[in-house]
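Worksheet for the structure shown next.
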């Protein structure tokens, strides 16, 4: 395992945000900090002059569009409803596009105004190979905390681990090391976050979207174990083109 330079951890964190849903009436009455239900992570991509937000289908569930009972928000400089709309979603059981994925079309100006920087998919995608170092980023729900009645913080994890399996369907990262003694590390909420290939200690390249993980304390008894696992699927230019061809969504915002 390598030490992650601060320059890489700071820069890579700008490509994703915490994603969660609320009941609209509850948000109005209590503020979003006290009304968050499920949480995941959304990754921002720029492709062919459009901004996309990518997460997992299992994060959205049956969501199709905002309703008063279920409005998805993202944590930028403040919590805002997703500035765009759902284009398509798919599951691993779909033979045409067998990935746990959901893709939004977003207003890029709103994403940048919130301090985030979409990944340029055409220029920055690089496939992952076995034995290379990967970096997975996401916002675990266990770290979420209320600062005051109307403010919530969303700490994120940077998980560095070695690629032990790589194919056109799945990327697996694994690392064995002693868990921290002062906190329980759980990956729930990181689903939908980006996975990068580390190019030495100098740079990183986008390679995958995380759909599952196991932190040190992610087991039935809750005790910490000595290994971590991250599972993702590659998302290249060609794959996104293929998905857009299959689902044929309107690309008008």
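Quick look at the values:
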item	result
Count - residues of the range 161-187 that are in contact with a strand residue (DSSP E or B) (Cβ under 7 Å, 6 or more places away or on another chain) and either modelled with pLDDT of 95 or more or under 25 Å from residue 92 (Cβ atoms) (or both)	14
For residue 182: the one exception among (1) touching a residue at least 24 places away in the same chain (Cβ under 8 Å); (2) more than 16 Å from residue 133 (Cβ to Cβ); (3) over 20 Å from the mean Cα position of the chain (by Cα)	(1)
Entirely in the range 151-253, the strands (runs of 3 or more DSSP E) that have 3 or more residues that are over 28 Å from residue 126 (Cβ atoms)	151-153
Any strands (runs of 3 or more DSSP E) falling wholly within the range 60-111 and containing at least 1 residues that are farther than 22 Å from residue 171 by Cβ and at pLDDT 95 or above	84-90, 101-106
Test: residue in the range 136-146 that is outside any strand (DSSP E or B) and exposed (fewer than 12 other Cβ atoms within 10 Å of the Cβ)	no
Single residue of 141, 188, 213 found to be in contact with a helix residue (DSSP H, G or I) (Cβ under 9 Å, 6 or more places away or on another chain) and closer than 20 Å to residue 231 by Cα	188
Selection count where residues are surrounded by fewer than 23 Cβ atoms within 10 Å (Cβ to Cβ) and in contact with a helix residue (DSSP H, G or I) (Cβ under 6 Å, 6 or more places away or on another chain), scope the range 5-22	0
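The values are calculated or read from the model by the stated rules, or taken from the named source; none is laboratory data. Bear in mind the structure is a predicted one, so any value in this text is a computation, not a measurement. Please note: Cβ atoms are built from the backbone with ideal geometry, for glycine as well, and neighbour counts cover all protein chains shown.
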